[in-house]
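Remarks on the structure that follows.
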Amino acid sequence: MLDFDFYNPTHILFGKDRIGEINKYVPLNSAVLIIYGGGSAKRNGLIDKVKTALGNRNVFEFGGIEANPHYETAMKAVEIVRNKNIDLLLAVGGGSVIDATKFIALASYYKGDTIELLNYGFKLVPSDAIKKHVPFGTVLTLPAAGSEMNSGAVISHKDGKFPVLSELSFPKFSILDPTITFTLPQVQVANGVIDAFVHVIEQYITYPVGALIQDRIAEGILQTLIEVGKTSVTEKNNYNARANHIWCASLALCGIVGSGVPKDLATHMIGHELTAYFGIDHAQTLAVVLPSMLNVRRDKKREKLLQYAERVLHIEKGTEKEKIDAAIQKTREFFESLGIKTRLSDYGVKVEDIPIIIEQLKKHGMTALSETHDLTPDISQKILEEAM
Ligand code: NZQ
Ligand code: ZN
């Protein structure tokens, strides 16, 4: 097992009708800025419920955070934080709204030029670069990214998607109420199952380091997502399926699975370029890249691929090659069973488009990817060609 630090201060309030408890976690006479997306939270009456819970605190609203949140839009909210002397932010949405809120909380009193926040990559933004950090809570409306229980964010700017990580970026509290997610369109539920699934795979199908308990937690999340995923997508009001989906998505990227193990973020990094360039939903880029990634990198990942085949997918028979082939095929079939396509051509991408994505990877420094840092642009090219 590799050395690690584990720190996660987020208070999780899980269950039906808990929005009223926001009152306990937001100091009285706070100035609060509610941040939401394109309008679903407004239309579904959720913003009103949050405002009721906030009582007579001084409440402001900022809507319009895009899917794949843009730097420029977040900076408009930063103006409000500064001008209205906001004490606490409240993200009401999915990964995009929560990520934007994390960025706004950092950018509002960042000592330098806020655009620098996009250039730290996977290094933590130094806490002493933030003159004052605005605390924030979240009300999760879409189980996928796990942003409600981690300290990462992904912000879009020009032609890229940029990670922004900081120890300050953990939500103070997050409300995880399955009934709030019942208004989700099926495709977003399916996206959420796949995003969570791939988060776990990227921290599990690497190489063995004797992290026995992390492996079993990862396998438990993967098995649960396979068990409830389809029901969560097709039976939109099935509370228990959705409750398990939500908790799997939060656990997938809260730090537990990833502590003390190697991580392979290559699927995400290639996926981010597909989203940034073609506008394909985040999770759908992962559904396309992952099966091809596992195939191209099968030699590097042989032991964990076999463990995944046997323990998660219960593939017992056949040669090693046959088991790995079957595991990759079953993974693709799982994604397709949720209604999500797994070929680049399904999203209108052509072979002649691939060099553009490779150039974007190089431009964003994504030239030594994976748990062994040897996934070069020509291997990325092979992965994308196989994903056509
Ligand atoms: O904007 P509104 O109107 O709310 O519509 C949203 C949006 O169009 C809609 N939606 C959300 N909750 C709803 C709802 N519609 C009806 N009822 C509800 N209850 O769903 C659409 C997608 O929302 P979005 O927040 O973009 O989706 P998701 O939660 O999948 O987040 C994707 C973002 O998360 C980032 C991705 O890069 C992407 O920008 N990620 C963040 C991570 C993190 N912080 O750890 C890790 C992930 O790998 C991921 O990269
Ligand atoms: Zn993701």
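Worth a mention:
- Too-long pairs where the Cα-Cα distance tops 25 Å, listed order kept, from Lys49/Lys132; Lys236/Lys304; Lys76/Lys111; Lys236/Lys263: Lys49/Lys132; Lys236/Lys304; Lys236/Lys263
- Heavy-atom accessible area per residue - the range 185-386, 1.4 Å, Å²: 39 Å²
- Between Ala326 and Asp5, the contour length at 0.36 nm per residue exceeds the alpha carbon distance by 112.0 nm.
- The HN-Hα couplings worked out from phi for the range 172-178 by the Karplus form 6.51 cos²θ - 1.76 cosθ + 1.60 (θ = phi - 60°) are 5, 8, 9, 9, 10, 10, x Hz, whole numbers, x standing for Gly and Pro.
- Isotropically averaged projected area of the chain, using the convex hull of Cα atoms (one quarter of hull area), nm²: 17.7 nm²
- Of the residues Leu54, Gly137, Thr101, the one whose Cα sits farthest toward the positive end of the charge dipole of the chain, with +1 on the Cβ of Lys and Arg and -1 on the Cβ of Asp and Glu, is Leu54.
- Each residue of the range 73-84 was assigned a 3J(HN,Hα) from its phi angle through the Karplus curve 6.51 cos²θ - 1.76 cosθ + 1.60 (θ = phi - 60°); the sequence is 5, 4, 5, 5, 6, 4, 4, 5, 4, 5, 6, 9 Hz, with glycine and proline shown as x.
- Amide H contacts of Glu61: Ile34, each under 5 Å away and 5 or more positions distant or on a separate chain (H built 1.01 Å from N in the peptide plane; Pro and chain starts excluded).
- Rounded to whole Hz, the Karplus (6.51, -1.76, 1.60) HN-Hα couplings of the range 381-388, x for glycine and proline: 4, 4, 4, 5, 5, 5, 8, 4
- Surface listing: Lys230, Lys301 arranged by accessible area from highest to lowest gives Lys230, Lys301, probe 1.4 Å.
- Share of carbon and sulfur in the accessible heavy-atom surface of the range 290-388 [1.4 Å probe, %]: 51 percent
The values are calculated or read from the model by the stated rules, or taken from the named source; none is laboratory data. Here the structure is a predicted model, which is why all the values come from computation and not from measurement. Neighbour counts run over all protein chains shown; Cβ positions are idealised from the backbone, glycine included. Keep in mind that these areas ignore ligands, DNA and RNA; they rest on the heavy atoms of the full protein, side chains included. Shrake-Rupley method; radii C 1.70, N 1.55, O 1.52, S 1.80 Å.
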